[in-house]
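The values are calculated or read from the model by the stated rules, or taken from the named source; none is laboratory data. On a predicted model such as this, the values are computed, not experimentally measured, just so you know. With ideal geometry, Cβ positions are generated from the backbone for all residues, glycine too; neighbour counts draw on all protein chains shown. The area values use the complete protein model at the heavy-atom level, side chains included, leaving out ligands, DNA and RNA. Shrake-Rupley method; radii C 1.70, N 1.55, O 1.52, S 1.80 Å.
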Amino acid sequence: MSVLQMISLKLSTLSRNCATGSNSTIISLYAALRKFSATPVLADKHECQVLVVGGGAGGCAVAAKLSRKLGPDKVIIVEPADRHYYQPMFTLIGGGMKRLEQSYKPMASVLPKDVKWLQEKAEQFDPKNNTVLTSGNNNIKYDLLLIAVGLQLNYDKIPGLVEALTIPNGKVCSIYSPKYVENTLECLRQTENGNAVFTFPASPVKCPGAPQKIMYISEHYFRKLNKRSNINVIYNTALPVLFGVKHYADALWPIVKKRNVTVNTRTNLVEVKPSMDIAIFENLDKPNEKFEQQYSMLHAVPPMSAPDELARCKDLVNEAGFVDVNKSTMQHVKYKNVFAIGDCSGSPNSKTAASAAAQSPVVYRNMIAALEGEELKTTYDGYASCPLVTGYRTCILAEFDYDLNPLETFPVPQNKERYSMFVLKKSLMPALYWNMMLNGYWNGPTMMRKMMSMFKFGKN
């Protein structure tokens, strides 16, 4: 079918749906027109100066920088999704502070306008021949490759979990997927007594603070509705600590104790029995030891991994399946024309949107240096940020580096619950993301931190 025929088909579908007020068709048409304008050539072979695989936060940010530098049609983005989600908002959606429709925009509207967009999935990576094969049988040859494919949610790895999540008005929820996030508030509403159980898996996790953020929000919700005394709040984490950075963990422990939250470390969810409202956990220090826990509400965080398509390319990934990069330059350790950004990278930083923002200028400058045959001089310090929302008005803004040392921006102690940090998380960060980061203009708070360092008020 030709491009014109496909657009004609979209237009006829639109006309049939206008009377019903259907919005999805309009978004679909917009994406189709954007796709064809960005990718006028539909042959099975493409060549580009830079190929970006993945249209998430890191992929968009670096593609925007590169397209401004290199000019139109020098960059191809491979991304199958119709929507781009601001995933850090999912925690707030779970607590009813935001709506799902506030968390996404059409993918066509956030991708840089000077790039070619192939709305397909990368199926095979061949770094020896500098090519990527897509789900549409497009073979793309590149000079430089940026891998920005994020993490894969493996709900199916826990027996019974997918079934439990799809039960109408069920007792199991998860903020990690747009498919399930709205169920979380309904679970909170219907929970009146018993055990409210929250989990953290034995795998890498994007936004590793989110599993306990939703726990704090839920506990506050129960208090606001005067039913907390009838509900046991339990946090079962596979980690040996409450939070990986001691400076902030020391601030969180008094909070969970004050709120009477039970924390079980080295405890991993391995099965859900939705017909009996039972979750089965294993003791990671004693793998043969398992126990059952009855729940009235279960918030489950799925195990995560690099996408299967990436993990299959053993030349590109480390033993854990993530892109094997130099943690300072974000360049592949073997293939010098390959870089990675964000959650799919093997760099040992916390996997957050803030990390991708801080990595973006490093990746961009080093990719340009590689194109020009120059030495890679820009380095990434492992900066990550996690706004630990502890309720409906409070937040601890954790910021740290590779060595898990605090790397704070503001001239006040950030290991304390603050309303100001909650406002930053809820209202300012989404605007910063949509308007600055995705357009390649936000490189993290380094410059702000240098300015703020002149004003210190009781920092410890």
Residues of segment 361-387 being surrounded by fewer than 19 Cβ atoms within 10 Å (Cβ to Cβ) and either over 22 Å from residue 404 (Cβ atoms) or in contact with a Pro (Cβ under 9 Å, 6 or more places away or on another chain) (or both), which ones? 365, 368, 369, 371, 372, 373, 374, 375, 377, 378
Boolean, residue 416 is among the basic types (Lys, Arg), open to solvent by 60 Å² or more (accessible area, probe 1.4 Å) and not in a helix (DSSP H, G or I): yes
So, of the residues in segment 280-305 that are of a type in the set (S, T, N, Q) and modelled with pLDDT of 95 or more, which turns out to be surrounded by the fewest Cβ atoms within 10 Å (Cβ to Cβ)? 294
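Matching residues to (1) within 20 Å of residue 355 (Cβ to Cβ); (2) among the β-branched types (Val, Ile, Thr); (3) modelled with pLDDT under 95:
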residue	(1), (2), (3)
417	no, no, no
428	yes, no, no
438	yes, no, no
449	yes, no, yes
456	no, no, yes
Can you confirm whether residue 436 is under 23 Å from the mean Cα position of the chain (by Cα) and in a helix (DSSP H, G or I)? yes
Which of the numbered conditions does residue 308 fail, given that it passes all the others? Conditions: (1) over 20 Å from residue 62 (Cβ atoms); (2) buried (at least 21 other Cβ atoms within 10 Å of the Cβ). (2)
Scanning segment 229-262 for residues that are outside any loop (DSSP other than H, G, I, E, B), open to solvent by less than 30 Å² (accessible area, probe 1.4 Å) and not hydroxyl-bearing (Ser, Thr, Tyr) gives 231, 233, 234, 236, 249, 251, 252, 255, 256
Which listed residue, of 141, 113, 105, is part of a loop (DSSP other than H, G, I, E, B), open to solvent by 10 Å² or more (accessible area, probe 1.4 Å) and either at negative phi or not assigned by the TED database to the domain that holds residue 430 (or both): 113
Quickly run through segment 188-219 and pick out the residues that are assigned to a helix (DSSP H, G or I), of a type outside the set (Asp, Glu) and buried (at least 21 other Cβ atoms within 10 Å of the Cβ). 188, 210, 211, 212, 213, 214, 215, 216, 217, 218
I need the full set of residues from segment 314-360 which are open to solvent by 10 Å² or more (accessible area, probe 1.4 Å), in contact (Cβ under 8 Å) with a residue 60 or more places away in the chain and closer than 22 Å to residue 440 by Cα, in order please. 327, 337, 342, 343, 350, 351, 352, 353, 354, 358
Is it true that residue 184 is among the β-branched types (Val, Ile, Thr) and under 30 Å from residue 61 (Cβ atoms)? yes
